[in-house]
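The values are calculated or read from the model by the stated rules, or taken from the named source; none is laboratory data. For clarity, every value in this text was computed on a predicted model and none was experimentally measured. Note that each Cβ is placed from the backbone with ideal geometry, even for glycine, and that neighbours are counted across all protein chains shown.
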């Protein structure tokens, strides 16, 4: 165990889905972009659920339930959790699988000093690799991506530990860290808008291109193998917190003001700045002067993500 306590925030914008039953893994394997049948214990994976046209309806962080070998758990945005369960349940048919939104809570835990004003102190596992899963008496720990390799971030799934809900600034600090790490979350406003490659899911192991069929697989595979990915997700920072944009807000290029050049995927305020994940045209990234909301809006400066954004070449 790590001897240094970390500080936890209640992330009430996240929900925990449970899929249980003898066929739960096989069912989700046929619905998501990730290899769920081959998901080993002790590991979580990023995945997406798409429409038949390849548009993402949800991003999920999925893992096997350490307490039940026939159960899987998934983190999703709370605003899409119930509709997602309803839609997936339509396709269960005769499979021995049940999906539900659980009562489990999600805490965000960081060893970084910037989060030391939080509401409860817990002791996380010893430093682990990203996406590793550890079960202990405190709950189920998932090692979260971090832009800073020296920082350990964890999600903790737990039925207990009921801290006072985090303030909006604390919630935003955690969301900003997700944004810096290049981790996209689909919300209601951005459902059925992006293909997985636009969200960089193929660059961060959110898509398995050898697992076989799932809704939208043909579209996703064609974009991958034919090299036709023209839009990607970038990380931007605006020097304002006057009005935090909602997901789906248009962004503009001041050099081409006649129409939007992309959309906001996620946004959060921290330390007087707004951190953004943005949909952008790959061909414009080196020249565009991005603005928030209108061509005369607040400038957005692009910053590097912790992984390379590359155009997929035709093979």
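Residue 293 - would you say it is under 25 Å from residue 171 (Cβ atoms) and out of contact with any strand residue (DSSP E or B) (no Cβ under 9 Å at 6 or more places or on another chain)?
Working: under 25 Å from residue 171 (Cβ atoms): yes; out of contact with any strand residue (DSSP E or B) (no Cβ under 9 Å at 6 or more places or on another chain): no.
Spelling it out, it is not the case that residue 293 is under 25 Å from residue 171 (Cβ atoms) and out of contact with any strand residue (DSSP E or B) (no Cβ under 9 Å at 6 or more places or on another chain).
Quick one: in segment 228-243, of everything that is within 19 Å of residue 272 (Cβ to Cβ) and modelled with pLDDT of 90 or more, which residue is nearest to the chain's Cα centre (by Cα)? Break it down into steps so the answer makes sense when it comes.
Going through segment 228-243, the residues within 19 Å of residue 272 (Cβ to Cβ) turn out to be 235-243.
From what is left, the residues that are modelled with pLDDT of 90 or more are 235-239.
On the way: 235: 14, 236: 17, 237: 18, 238: 21, 239: 24 Å.
Filtering first and then ranking leaves 235.
Kindly establish whether residue 256 is more than 14 Å from residue 293 (Cα to Cα) and out of contact with any strand residue (DSSP E or B) (no Cβ under 7 Å at 6 or more places or on another chain).
Numbers: more than 14 Å from residue 293 (Cα to Cα): no; out of contact with any strand residue (DSSP E or B) (no Cβ under 7 Å at 6 or more places or on another chain): yes.
Taking the combined requirement at face value, the residue does not satisfy it.
Of the conditions (1) under 20 Å from the mean Cα position of the chain (by Cα); (2) in a loop (DSSP other than H, G, I, E, B); (3) closer than 30 Å to residue 102 by Cα; (4) without any contact (Cβ under 8 Å) to a residue 60 or more places away in the chain, residue 141 satisfies every one except a single condition; which number is it?
Failing condition for residue 141: (2).
Collect the residues in segment 181-204 that are farther than 19 Å from residue 250 by Cβ and more than 12 Å from the chain's Cα centre (by Cα), keeping them in residue-number order.
Answer for segment 181-204, where residues must be farther than 19 Å from residue 250 by Cβ and more than 12 Å from the chain's Cα centre (by Cα): 197, 202, 203.
Hey, could you check segment 187-210 for residues that are over 14 Å from residue 307 (Cβ atoms) and out of contact with any helix residue (DSSP H, G or I) (no Cβ under 7 Å at 6 or more places or on another chain) and say which is surrounded by the fewest Cβ atoms within 10 Å (Cβ to Cβ)?
So, considering only residues that are over 14 Å from residue 307 (Cβ atoms) and out of contact with any helix residue (DSSP H, G or I) (no Cβ under 7 Å at 6 or more places or on another chain), the one surrounded by the fewest Cβ atoms within 10 Å (Cβ to Cβ) is 210.
Report yes if residue 99 is touching a strand residue (DSSP E or B) at 6+ places or on another chain (Cβ under 7 Å), crowded, with 20+ Cβ neighbours inside 10 Å and either modelled with pLDDT under 95 or part of a helix (DSSP H, G or I) (or both), otherwise no.
Details: touching a strand residue (DSSP E or B) at 6+ places or on another chain (Cβ under 7 Å): yes; crowded, with 20+ Cβ neighbours inside 10 Å: yes; either modelled with pLDDT under 95 or part of a helix (DSSP H, G or I) (or both): no.
When the stated conditions are applied, residue 99 does not pass them.
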